[in-house]
Each structure stands twice: as C-alpha cells, then as structure tokens.
Amino acid sequence: MATIHEDAAAAIRLLDGIQRLLRDSSYTTTYKFALLHALCDLSLELEPHENSVPLAVVAERVVELYWAQPRPFEGLITLKQATGKPATALSLVRRWSRTHKGKLTDARASDRLPTYAQQMLKVLRKDVLRRLQPSGERLLYEWPPTDASLRLLPGVAPTLRRFHGLLTDMIQLRWTAFVERVNPDVAGSDALRAHLFGVPREALRCVVEPMWELQGGRCFYSPKTRLTRDSVDVDHFLPWSLTRNNSVGNLVLCTSRTNREKSDELWSDERPRWERRNVEQAQPLAEIAMTTGLPWNPDGLRHLAEWAFSQAS
C-alpha cells in the first residue's frame, strides 16, 4: 500500500505534468482544454475507488462544455477557437446549437445528445485523446483504450477531485487566453471568461413550472415562504462555481433574496433535506429531466455532494 508521502509525490508529479501540458503544448484548437476539463468534472462523479470513465460520457461532457460557446460574444462577435480553419468540434456544436436555438436543455436536444456525443467522440479519437498525453507519456490514462472507456491511471481520479477548483481555474484561464489570442478584438475583456464558461440562467427556467408543483409553490430553503412569479429563482444546491452540475437533482426553487444570501455557499444544514428530496422524489425528478432535457444522475450527484462537502469541511 502506498504511503502518504508516495501519494503526495504522485499527486505533485501529475499536477506538474498537467501544468506543463497547459503551459508548453502547442495549441491550434481548444480541444485539449475541453477534454482535460471534462475529465476533471467527471472525476467528481466517480465512486472513490473507481477509475474508469466511459468514452461516450466524456464526449457528452465535451459537447456540454462547448454548447453555449457559439453564441456571439456581447451579441456581436463570433469567436474563433482555432488558429487555422474553423475547429470541427465547434462547427459541429454550432450547427447542433442552431438547430435547438442554443438550448441544450431542450428535450429534443437532450434526445439527440447521445448521437451528438458519437460524432464528437470521432473527433476526440482522431487526434485529441492521443495528443493530451504528448510523446506517449503516461500522464492521465492508459493508452490506447482497451474498451469503450478511458481507464485513468492510479491516483489520477483522486488528484483531479482534490484539486478540481485549481485545475479548472487553470484550464479556463489558458482556454480564455487562447481565445483572446485568435480573436484580438476581444483581448482583455473581463466578460470573456464568463461568456465561455458561465451558465446562462435563462437556460434553467424550463424547470420552474414542474419544480413549482414539486415544491408546492414554496421556497426550498424556507418552506413557509410562498414563491411568486416575480421572485422565484432557480438555484444550484451544490454551487455551479464549484461543481458545474446542471442535473435536475441539483436544482431547487427559492426566492431571489435567499438565492442572493446563499450565493456560492454550501449550506450543510439543508443537506439532509435535499438528499431526502432526491430519494423520495426520484420519479418526479426523472420525469422533469425527461421533459426538460436536463441530466438526471442520482448516483453521480451523490458522489459529487460527498466530494463538495468534504472540501468545505
């Protein structure tokens, strides 16, 4: 069994390798940023000793990361994400997003997500998966894949989980810097990163009606308080800034005032009631997922909550 010092040394080697990958690699597109970000996000949903991630799920997460990015920046500028011809992945997502008016939460888009993921996986298999580990270095996963999954190397998933915030910040900063480099007109804009990686709040309004019925028209955090159409907000129970999780189990309705008070905090006192809601209302939540196109992955969400609250403690 590895000692604490050996585990720490392995984690430092991995972090150093990822830092070199982000800093020194030559990039012509943003694919490697998206793939690495997806692996960081998915590591949060794995069981503690699990190290295998289905390639189809990786491709779905890459689609989700790119989905909102074809939107014109500040309503005017169509951003490039490649130094040469348009990036295939972004061109695909732009076409898919246009079909669904930019809403991945649209049930029609959700029905098509597995098909879109298959096409995205072809792009990843062609070049990206190999290039994320330059010169054949065994950095993140076994290569080539022996089945339909990426098998993460020992210690990789725990390190990606433990340093998720640090790594995704670093990835997003490098990704944003690359977009600035190939789009000089937007260089230096404080709003660019939010445009690329923020969640459009209007995309979650699709859950208001079904969640309103589920919660009896009352604020999740203050059950005695009735919601009004003018003051209802959709809140991520596990903060979006921490988890980037839009599954229906992570969404609750609350008053605008409570949403502002909670902000990006984890409210541990509300955790038992939230977890009980997700168990007792599993069927209605699954139906909301089907009608809205949002994800519903209770097991992954449970692992994500365990990780999030362990970080808070």
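Computed from the coordinates by the stated procedures, all read-outs in this text should not be read as laboratory data. Remember, predicted model here, so these are calculated numbers, not experimental data. Note that we place each Cβ from the backbone using ideal geometry, even for glycine, and neighbour counts take in every protein chain shown.
What to note about this one:
- Pairs from 32/101; 32/262; 101/224; 122/262 whose Cα-Cα separation, in the structure shown, is over 32 Å: 32/262; 101/224; 122/262
- Modelled spin labels at residue 148 and residue 78, positioned 7 Å past Cα toward Cβ, are 3.5 nm from each other.
- Exposure rule at most 13 other beta-carbon atoms within 10 Å, DSSP loop trypsin sites (Lys or Arg not before Pro): the chain longest free segment: 1-100
- Which labelled figure in (i) 0.95; (ii) 1.01; (iii) 1.37 is Cα Rg over 2.2 N^0.38 Å, once derived from the coordinates: (ii)
- Electrostatic dipole magnitude of region 257-313 [Cβ: Lys, Arg +1; Asp, Glu -1; Cα centre; debye, to 20]: 140 debye
- Förster-model FRET efficiency, 22 Å R0, residue 260 and residue 212, C-beta, rounded to 0.05: 0.65
- Here, region 29-161 yields an orientationally averaged convex hull projection of 8.9 nm² when only Cα atoms define the hull.
- Listed by Cβ neighbour count within 10 Å, with the fewest neighbours leading, 124, 166 appear as 166, 124.
- Only DSSP H runs of four or more residues enter the estimate; each adds -39500 (n - 2.57), and after division by the residues of the chain the mean residue ellipticity at 222 nm equals -16000 deg cm²/dmol.
- Residues 25, 97 in ascending order of nearby Cβ atoms (within 10 Å, fewest first): 25, 97.
- Over region 117-174, the pair-distance histogram of Cα-Cα distances with 5 Å bins from zero comes to 4, 16, 19, 25, 24, 11, 1 percent, rounded to whole numbers.
- Gain in span if fully extended, residue 269 to residue 230, counting 0.36 nm per residue against the direct Cα distance: 11.3 nm
- With N counted as the residues of region 201-312, its alpha-carbon radius of gyration over 2.2 N^0.38 Å works out to 0.97.
- Calculated FRET efficiency for the pair residue 279/residue 23, C-beta based, R₀ 45 Å, to 0.05: 0.55
- Selection from 133, 210, 242, by position along the positive dipole direction of the chain (Cβ): 133
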